[in-house]
Amino acid sequence: MPIITTKDGVDIFYKDWGTGQPIVFSHGWPLSADDWDTQMLFFLQQGYRVIAHDRRGHGRSTQTGDGHDMDHYADDLLALVEHLDLKDAIHVGHSTGGGEVTRYLARHGESRVAKAALISAVTPYMLKTEANPLGLPKSVFDGLQAQLAASRAEFYWELPAGPFYGFNRPGVKSRERVIENWWRQGMMGGAKAHYDGIVAFSQTDFTEDLKKINVPVLVMHSEDDQIVPYQAAGPLAAKLLKNGTLITYKDFPHGMPTTQAETINADLLKFLKG
């Protein structure tokens with residue numbers, strides 16, 4: 001398997017297909033590079049080189065007990081970029097992966113980057129505070145950790161079966177195999193990484209990171225996102241970016257790259273070619 005080893009000894013699994021301008025995909029919590037299958041096959045056919053890795057503690061990467069924070073995620077991404085010597089790259093992040101991409105750009109610069117896209121991303125800040133009244137209370141994320149610790153297998157079934165893909169909405173047909181694939185990816189990873197990852201995605205403030213980014217960034221978010229509320233995320237992130245473009249969807253779910261892949265892929269391709 002293609003593996004790189006980070007400075008602190010963590011093995012990171014990655015996929016690297018095709019030639020052309022590279023697109024690097026950063027997945028959401030608690031999934032893996034497999035969550036990008038539809039996008040990778042689509043953009044490979046469009047002539048791009050497509051790359052995706054399993055975040056530390058996720059998928060086929062080392063189930064290390066520490067380093068589950070945005071700085072380490074960004075540093076791991078840098079290690080991958082440098083190992084493959086990527087230039088003029090496009091970085092696409094979904095959910096927690098959007099935070100990873102944002103921290104990577106702010107922390108390590110844009111010399112190797114052409115554009116970026118944040119899809120249903122956790123930016124700028126998910127936690128409700130006096131300065132961020134649109135965020136979610138800490139009790140929500142404490143509850144996620146409690147459910148994970150009590151029965152990860154059940155928690156990882158109920159989340160995709162309900163709010164993640166919007167299958168709990170009236171008239172939305174549940175897709176059993178999509179739920180099973182989410183569960184499979186989640187259970188491949190480590191419980192400690194996923195437990196700590198809830199803190200990483202919910203309690204990291206990306207406000208200053210977004211302000212540092214100069215490259216064009218496409219922000220894609222749905223008003224019906226039940227995981228990362230729209231008002232606290234997409235519009236605010238786009239305003240903080242120097243060169244941000246916001247696309248708002250009305251009734252897509254948080255996991256729209258999977259359930260609405262045709263629309264997401266087309267909008268992303270238009271941005272990349274623009």
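Taken together, the values in this text are just the output of simple stated rules run on the coordinates, not laboratory data. What you see is a predicted model; the values in this text were computed from it and never measured. Glycine also receives a Cβ, built like all others from the backbone with ideal geometry; neighbour counts cover every protein chain displayed.
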Exercise for review: Please work out the C-alpha center-to-center distance from segment 37-66 to segment 128-161 and express it in whole Å.
Suggested key: 25
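Which entries in LYS239/LYS273; LYS15/LYS128; LYS7/LYS128 show an alpha-carbon gap greater than 32 Å? Walk me through the numbers on the way to the answer.
Values: LYS239/LYS273 22 Å; LYS15/LYS128 36 Å; LYS7/LYS128 34 Å.
With Cα atoms farther than 32 Å apart: LYS15/LYS128; LYS7/LYS128.
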Practice item. Work out, step by step, the length gained on full extension between ASP142 and ASP251: first 0.36 nm times the residue separation, then minus their alpha carbon distance; give nm to one decimal. Key: 36.5 nm
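Work out how much length ASN132 to THR38 would gain on full extension: take 0.36 nm times their residue separation and subtract the Cα-Cα distance, in nm to one decimal. Numbers along the way, then the final one.
On the way: separation 94, 0.36 × 94 = 33.84 nm, distance 3.45 nm.
Gain in length upon complete extension: 30.4 nm.
Using the Cα gyration tensor of segment 134-266, with a ≥ b ≥ c the square roots of its eigenvalues, what is the shape: rounded (a/c below 1.5), prolate (a/b larger than b/c) or oblate (neither)? Could the numbers behind the result be given before it?
Details: a/c = 1.94, a/b = 1.28, b/c = 1.51.
Oblate, since a/c reaches 1.5 and b/c is not below a/b.
Work out the FRET efficiency for ARG177 and GLU223 from their Cβ-Cβ distance, taking R0 = 30 Å, and round it to the nearest 0.05.
Details: r = 27 Å, r/R0 = 0.90.
FRET efficiency, ARG177 to GLU223: 0.65.
What full-extension length gain, to one decimal in nm, is calculated for ALA149 and ALA114 as 0.36 nm per residue of separation minus the Cα-Cα distance? Write down the numbers at each step before the final one.
Details: separation 35, 0.36 × 35 = 12.60 nm, distance 4.00 nm.
That works out to 8.6 nm of additional length.
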**Study point:** DSSP bridge orientation in segment 1-126 - percent antiparallel, rounded to nearest 5
**Key:** 35
Practice item. Work out, in µm²/s and without decimals, the Stokes-Einstein translational diffusion coefficient of the chain at 37 °C, 0.692 mPa s, Rh from Kirkwood over C-alpha pairs. Key: 179
Exercise for review: Just grab the label-to-label distance for ASN168 and LYS211, each label 7 Å out from Cα along the Cβ direction, in nm (one decimal).
Suggested key: 3.6
Revision key, fill the gap. Here the relative contact order (percent) of the chain, from C-alpha pairs under 8 Å and at least 6 apart, is 21
